[in-house]
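As structure tokens, the structure follows; a few thoughts come after it.
Values quoted throughout were computed directly from the atomic coordinates according to the rules given, and no laboratory measurement underlies them. None of the values given here were measured: they were computed from a predicted structure. Every residue, glycine as well, gets a Cβ built from its backbone with ideal geometry; the counts of neighbours run over all protein chains shown.
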Amino acid sequence: MSALFSPIEVKGVRFKNRVVMPPMVTLKADEEDRVTDTVVEHYAQRARAGTGLIIVEATAVESGAVWKGGLAAFADKHAPGLAGLVERIHAEGAAAAIQLVHGGPQASVEVTGGKRVGPSAVTPPDDGPIPRALTVAEIRMIEESFVEAAELAIEAGFDGVEVHGAHDYLLDSFLSAKQNVRTDEYGGSIRNRARMLVETCERTRARIGDRGLVWCRISIFNKLEAGFTREDLAELVPALAATGIDMLHVSTDGTFKEYFDSGKTIGQLVKGLCKLPAIVAGGLGDPLEAERAVAEGHCDFAAIGNAMYEEAGWTKQARATLHT
Ligand SMILES: Cc1cc2nc3c(=O)[nH]c(=O)nc-3n(C[C@H](O)[C@H](O)[C@H](O)COP(=O)(O)O)c2cc1C
């Protein structure tokens with residue numbers, strides 16, 4: 001019996017297996033950031049292969065665009081395309097979620113004209129233009145734009161929304177002690193640096209209610225250099241769980257890698273800090289490794305990034321490899 005191909009239910013949503021396509025940008029949206037046929041086909045193929053959950057790529061909330069060709073979910077014009085996309089993913093037998101993002105200090109110059117925003121006016125990780133520090137009123141407005149985008153996505157038919165709190169984009173940049181040198185309630189202690197992400201999850205969770213799942217994606221590997229500690233993780237994870245989110249998605253630089261000299265993987269650490277089901281991504285392109293990750297409790301769902309991007313039939317092939 002394969003652990004990877006066993007079903008699981010989360011808050012009334014049934015997933016036929018633990019194979020997840022994590023969010024991966026295609027950059028094939030049209031000039032108004034709407035879904036195109038190419039985008040639909042890309043996801044439909046990976047759903048058809050038997051993938052349990054498809055998480056549609058980072059999709060911009062209002063004023064949060066990251067790349068040219070990226071999807072967006074803030075205006076009426078974006079809704080029909082997203083609804084059509086969900087319909088196809090469901091028709092191919094997979095559950096569908098969508099990742100919501102604000103680019104912040106990582107937004108490409110091409111879409112912002114160099115005018116970026118962030119927690120503080122410090123050099124961003126990509127060494128590009130220095131962002132302008134957001135005011136508290138602006139922070140709260142952006143939190144609301146995540147809520148509005150989530151509303152649009154759930155109305156379009158998605159089973160869940162993922163708040164992008166990873167990879168140095170806006171919400172994650174607040175978590176980084178290097179990017180965030182604020183002295184107000186959104187800077188300083190980990191509790192303060194996590195405030196925008198926590199509030200965003202809280203507000204989104206409250207608005208969506210029982211109409212869909214809400215969770216967030218975090219990454220730790222990109223903040224180790226900025227001094228992110230095991231103690232920070234021990235504050236962050238329970239704070240996120242307390243918002244009422246339904247899962248946690250951890251993006252790693254290696255699912256089986258030991259973190260913080262703890263003798264544990266990031267999935268084991270996170271699962272030890274909360275009761276939420278965990279999706280973990282990072283180096284699981286070999287089906288045997290994905291199977292092991294779930295079977296040994298490093299995660300509840302195995303997300304297959306690059307390997308599934310390259311090979312649409314990954315899930316079907318994995319099933320054959322595992323003789324299931
Ligand atoms: C082409 C490509 C696009 C990606 N786009 C996103 C994205 O939109 N949002 C995100 O959180 N991660 C994104 N990622 C990261 C993946 O979701 C995943 O975490 C990463 O590839 C590690 O998993 P892997 O080792 O299985 O590839 C992207 C990765 C690739 C290869």
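Rounded to whole Å and ordered largest first, report the semi-axes of the equivalent ellipsoid of segment 1-131 derived from its Cα gyration tensor (root of 5λ).
Taking √(5λ) for each Cα gyration eigenvalue gives 31, 18, 12 Å.
Calculate the FRET efficiency for N306 and E41 from the Cβ-Cβ distance with a Förster distance of 22 Å, rounded to the nearest 0.05.
Once the sixth-power term is evaluated, E becomes 0.70.
Peptides 246-253, 167-174, 225-232: what's the order by average Cβ count within 10 Å, highest mean first?
167-174, 246-253, 225-232
Starting from 0.36 nm per residue, how many nanometres of slack lie between E87 and K11 once their C-alpha separation is accounted for?
25.2 nm
Of P124, I139, L284, which is farthest along the charge dipole of the chain in the positive direction, counting Lys and Arg as +1 and Asp and Glu as -1 at C-beta?
L284
Tell me which lysines have Cα within less than 27 Å of K28's Cα, excluding those fewer than 8 residues away on the same chain?
K68, K77, K115, K316
Give me the dipole magnitude in Debye, nearest 20, for the chain about the Cα centre, with unit charges on the beta carbon: positive for Lys and Arg, negative for Asp and Glu.
Here the size comes out at about 540 debye.
In angstroms, what radius of gyration and Dmax does the chain have, counting Cα atoms only?
Reported Rg and Dmax, both Å: 18.4, 56.
As a check on your grasp of the helix formula, calculate [θ] at 222 nm for the chain: sum -39500 (n - 2.57) over DSSP H runs of n ≥ 4, divide by the residue count, round to the nearest 500.
After summing the helix terms and dividing by residue count, I get -10500 deg cm²/dmol.
Given Cα pairs under 8 Å that are at least 6 residues apart, what percent is the relative contact order of segment 8-321?
RCO, segment 8-321: 16 percent.
How large is ³J(HN,Hα) for each residue in segment 70-78, as worked out from phi by the Karplus curve 6.51 cos²θ - 1.76 cosθ + 1.60 (θ = phi - 60°), to whole Hz, x for Gly and Pro?
Taking θ as phi minus 60°, the curve returns x, 7, 9, 9, 9, 10, 3, 5, 7 Hz for segment 70-78.
Which helices, counted as full DSSP H runs in the chain, have an axial Cα extent of no less than 20 Å and a Kyte-Doolittle average of -1.0 or above?
Qualifying helices: 136-156.
Pulled fully out, how much extra length does the chain show between D76 and T229, if you take 0.36 nm times their separation in residues and subtract their Cα-Cα distance?
The span from D76 to T229 would gain 50.9 nm if fully extended.
Work out how far the C-alpha atoms of segment 81-229 reach from end to end along every principal axis, then list the three figures in whole Å, largest first.
The principal-axis extents, from largest down, are 46, 32, 30 Å.
Name the most mobile residue of M141, M196, M308, meaning the one with the largest mean-square fluctuation, in a Gaussian network model of the chain with Cα contacts below 10 Å.
M141
Less than 18 Å from a label point 7 Å out along the Cα-to-Cβ axis of E32: which backbone N atoms in segment 72-101 qualify, by residue?
Answer for segment 72-101: 72-85.
Quote to one decimal, in nm, the extra length available between E110 and A137 on full extension: 0.36 nm per residue of separation minus the C-alpha distance between them.
Computed gain between E110 and A137 is 7.1 nm.
Using alpha carbons only, how many angstrom separate the centre of segment 241-262 from the centre of segment 1-28?
The distance from the Cα centre of segment 241-262 to that of segment 1-28 comes to 17 Å.
Starting from the Cα of K11, draw a straight line to each of the lysines and keep only those under 24 Å, dropping any in the same chain fewer than 8 residues away.
Straight-distance partners of K11: K271, K275.
Applying a 10 Å radius around every beta-carbon, put 184-192, 87-95, 278-286, 263-271 in order of their mean neighbour count, most first.
Ranking, from highest mean packing down: 278-286, 263-271, 87-95, 184-192.
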